[in-house]
Amino acid sequence: MLDRANDPTASPPTEKAQLRPVAFRGAGFAPKAGRYAGWIALLLAIGVWQLAGTAGLVNPLFLPTPVATMRAIYQLALSGALWQHLSYSIMRIGTGWILGTVAGVVVGFAIGLSSLARGVGITFISALFPIPKIALLPLLILWLGIGEEPKIATIALGVFFSTAISVYSGVDNVPRNLIRMAQSFNVPFHAIVRRVIWPGALPSILAGFRITASIALLLVVSAEMIGAEYGIGAFVLQAGNLMQTDQLLAGVVILSLFGLAVGRLINWLETRLLHWR
Amino acid sequence: MDLIADHITHRFGALAVLDDVSFTVGAGEVVAIVGPSGCGKSTLLSVLGGLLQPSAGFAQLRGAPPPESLNPLTFVFQDFALLPWCTVEENVELPLLHAGLTSGARRAIVEDAVGRTGLADFRGTYPKQLSGGMRQRVGIARALAVRPAILLMDEPLSALDSQTRQLLMEDFIGLLADGTMGAVYVTHNLEEAVRLADRIVVLSRRPGRVREVVTMPMTRAERSGIEAREKLLTLQNDLWSLIREEAINAEREVQHA
């Protein structure tokens, strides 16, 4: 039997003079995004921008109002020009991104799993990754002609290096204890890659996709500005040259919406594939 | 099937970790390995389980494994080593997927292993949703699924709180009771060693050498009674006196490293 004697020190003091609350020191350092704060701030900024334009505080040639920009988008959509430019850009981004991603995943896994590939691959990647890929476009035009190929190759190159790096970093970060566990159960190599390394590296790979989507968008606009008749980049450049700033901003807004849509797609993929986190 | 540590020596670069360690784990026998921190207990277990090539010596098997065994030497890991993207059921099934079993046979084995470890209600749960004790139960269920001849347990309770440790220790005693499965049980906890082992291999500080092999004077069943407690405590103290001086020196070594 346990002795449960009363502890005289356990009862609270009764005299009020002795009581002093312990000061709370644990506030802050835990920022949380409010549910509507971002949208409210965005709407406020657009409202102020619109008011400044309407009141004549800003020259509409230099900064068209949001309403004028939306009108330009609407007219572009009606005329069919929006779809024409957008379809070219999407085709280039899609093809370049897929080619670069497939090559990057293959090379990244090879570097992550093979000593020979690591020795060779990391040297090449370290040497070539820092080169701004758009600087290679003239060379790629010389090699591949003036059609779609050099633009797609520029995007693919930009996507390839970042993908390869995120894939082999992901493979490197798969906990070794999980690999040893699988080996201890005689799980074959291909099954370890499929069931342990691939899902373990997936968070890093998807984070890489987010970065490469931005790189692809950046490169498609740059490449289209340098040498294309159609595409959002070419459209933005043409509008700038003709001082059609409402059209220019329309192109920028479309790019922003495209980037947001890609971001949402990757969020959806993460929710589906990384639900276990 | 016997597992033999045959003059095992291992070095990590210039650091000698194990020096000429030899002992045998007989069929159905539970051998605990104790010793000061850093004496090479886990390294020895990795060598015995084929996960590490020793610098010299061999880990050898004598005799045929039980015919139904899919993985005669099976690890239970200190950190559980569960795939976080797999459910309890999928984790237990992993070692069976490439064993040439039909899906029906796999299902039956998983059901049995999950049932034996009290995980029947947690089949679809992910590891992050489980407590440490339940995670280790998944690790044990996975090990049982391949019907091992010898379990290689690397401090399987050290990451758990004392109450969970107690409960899992009782589970281990139950699982090893019929003598069909042997175990090498690496631990720094002498209480676990004296409760579970048939023999205790005491290693010296690094480089680990076999300092003494203690044979337990009573069966595991006899150890559960109150009257055995005093004897076990005496044994534990004897083991501690063997290790204490070396543990102090080993700790100083680690601090100065």
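None of the figures in this text is laboratory data; all of them are computed from the coordinates on show. As the structure is a prediction and not an experimental result, all values here were calculated from the model. Methodologically, a virtual Cβ is constructed for each residue, glycine included, from the backbone with ideal geometry; neighbour enumeration extends over all protein chains shown.
Grab the beta carbon distance between B:Glu222 and A:Ser115, set R0 = 35 Å, and tell me the FRET efficiency rounded to 0.05. Kindly include the intermediate steps, with their values, before the conclusion.
Numbers: r = 53 Å, r/R0 = 1.53.
Once the sixth-power term is evaluated, E becomes 0.05.
Using per-residue counts of other Cβ atoms within 10 Å, averaged over each peptide, order A:38-44, A:107-113, A:138-144 from highest down. Intermediate values should be presented prior to the final figure.
On the way: A:38-44: 10.4, A:107-113: 21.7, A:138-144: 14.0.
Peptide ranking by packing, descending: A:107-113, A:138-144, A:38-44.
Nearest 20 debye, what's the magnitude of the dipole of segment A:81-273 about its Cα centre given +1 on Lys and Arg Cβ and -1 on Asp and Glu Cβ?
Values: 11 positive and 7 negative charges, 169 e Å.
Result for segment A:81-273 is approximately 820 debye, rounded to the nearest 20.
What is the spin-label model distance, in nm, from B:Thr215 to B:Ala108 if the labels are put 7 Å beyond Cα along the C-beta direction?
Computed distance between label sites B:Thr215 and B:Ala108 equals 4.0 nm.
Along the charge dipole of segment B:83-147, which of B:Ala108, B:Leu130, B:Cys86 sits closest to the positive end, that is, farthest toward it, with unit charges on the beta carbon of Lys, Arg, Asp and Glu (+1, +1, -1, -1)?
Farthest towards the positive end: B:Leu130.
Take A:Tyr74 and B:Arg244, extend 7 Å from each Cα along the Cα→Cβ direction, and tell me the distance between the two endpoints in nm.
Spacing of the two 7 Å Cα→Cβ label points: 9.0 nm.
Could you tally the net charge around A:Ala216, taking each other residue with its Cβ under 14 Å from the Cβ of A:Ala216, Lys/Arg +1 and Asp/Glu -1? All intermediate terms of the calculation are to be shown ahead of the outcome.
Values: positive: A:Arg92, A:Lys133, A:Lys151, A:Arg210; negative: A:Glu224.
Net local charge, A:Ala216 excluded: +3.
What order, most packed first, do the peptides A:250-256, A:260-266 have when packing is the mean number of other Cβ atoms within 10 Å of each residue? Write down the numbers at each step before the final one.
Details: A:250-256: 19.4, A:260-266: 12.4.
Top to bottom by mean Cβ count within 10 Å: A:250-256, A:260-266.
One quarter of the convex hull surface, Cα atoms only: what value does that give for segment B:83-147 in nm²?
Numbers: hull surface 15.5 nm².
Averaged projected area of segment B:83-147's Cα convex hull equals 3.9 nm².
Helix-derived [θ] at 222 nm for the protein assembly as shown: sum -39500 (n - 2.57) over DSSP H runs of at least 4, divide by residue count, nearest 500? Please list the in-between numbers first.
On the way: 19 runs with 291 residues, N = 534.
Rounded to the nearest 500, the figure is -18000 deg cm²/dmol.
Could you line up A:His85, B:His98 from fewest to most neighbouring Cβ atoms inside 10 Å? Intermediate results must be reported in sequence, preceding the final value.
Numbers: A:His85 24, B:His98 16.
Final ranking by Cβ density, sparse to dense: B:His98, A:His85.
Within 10 Å of each Cβ of A:185-191, how many other protein chain Cβ atoms are there on average?
Details: counts 14, 9, 6, 2, 0, 1, 3.
So the per-residue partner count for this stretch is 5.
Excluding residues on the same chain fewer than 8 positions from A:Lys133, give the aspartates and glutamates whose Cα lies under 20 Å from its Cα.
Excluding near neighbours in sequence, the set is A:Glu148, A:Glu149, A:Glu224.
Write down the radius of gyration of chain A and its Dmax, each obtained from C-alpha positions, in Å.
27.9, 94
Given a cut-off of under 8 Å on Cα pairs at least six residues apart, what relative contact order in percent is computed for chain A?
Details: 272 pairs, mean separation 59.2, N = 277.
Relative contact order here is 21 percent.
Subtract the Cα-Cα distance of A:Arg25 and A:Val252 from 0.36 nm times their separation in residues, and report this length gain in nm to one decimal.
Contour length minus Cα-Cα distance gives 77.1 nm.
Using the count of nearby Cβ atoms within 10 Å as a rough guide to exposure, how do A:Trp276, A:Trp198, A:Trp97, B:Trp85 rank from fewest to most? Don't jump to the answer; show the numbers that get you there.
Values: A:Trp276 14, A:Trp198 17, A:Trp97 26, B:Trp85 21.
Fewest-to-most ranking of A:Trp276, A:Trp198, A:Trp97, B:Trp85: A:Trp276, A:Trp198, B:Trp85, A:Trp97.
When the Cα atoms of the protein assembly as shown are enclosed in a convex hull and the volume is divided per residue, what value in Å³ results?
Details: hull volume 147.6 nm³, N = 534.
Roughly 276 Å³ of hull volume per residue.
Calculate the spin-label point distance for B:Ala177 paired with A:Asn241, positioning each point 7 Å from the Cα along the beta-carbon direction, and give it in nanometres.
Result: 8.7 nm between the two label points.
Hey, got the dipole for the protein assembly as shown? About the Cα centre, +1 on K and R Cβ, -1 on D and E Cβ, debye to the nearest 20?
Numbers: 44 positive and 41 negative charges, 244 e Å.
Charge dipole of the protein assembly as shown: 1180 debye, to the nearest 20.
Applying the Karplus parametrisation 6.51 cos²θ - 1.76 cosθ + 1.60 with θ = phi - 60° to the phi angles of segment A:232-237, what ³J(HN,Hα) value in whole Hz is obtained for each residue in order, glycine and proline being reported as x?
Values, residue by residue: 4, x, 5, 5, 4, 5 Hz.
Based only on Cα atoms, what mean projected area does the convex hull of chain B have, in nm²?
Details: hull surface 57.4 nm².
Its average projected convex-hull area is 14.4 nm².
Just report the Cα centroid separation between segment B:62-84 and segment A:193-252, whole Å.
Taking the Cα centre of each part, segment B:62-84 and segment A:193-252 sit 50 Å apart.
List the extent of the Cα atoms of segment B:125-181 along each of their three principal axes, largest first, rounded to whole Å.
32, 23, 17
Is there a simple number for the mean count of other chain Cβ atoms within 10 Å of the Cβ of residues in A:193-200, and what is it? It would help to have the intermediate numbers written out before the result.
On the way: counts 0, 0, 7, 4, 0, 1, 4, 3.
Partner-chain Cβ atoms within 10 Å, mean over residues of A:193-200: 2.
Could you tally the net charge around B:Gly179, taking each other residue with its Cβ under 10 Å from the Cβ of B:Gly179, Lys/Arg +1 and Asp/Glu -1? Kindly include the intermediate steps, with their values, before the conclusion.
On the way: positive: B:Arg220; negative: B:Glu29, B:Asp178, B:Asp198.
With Lys, Arg at +1 and Asp, Glu at -1, the neighbours total -2.
How high is the relative contact order of segment A:134-277, given as a whole-number percent (alpha carbon pairs under 8 Å, six or more residues apart)? Walk me through the numbers on the way to the answer.
Numbers: 123 pairs, mean separation 33.1, N = 144.
It rounds to 23 percent for segment A:134-277.
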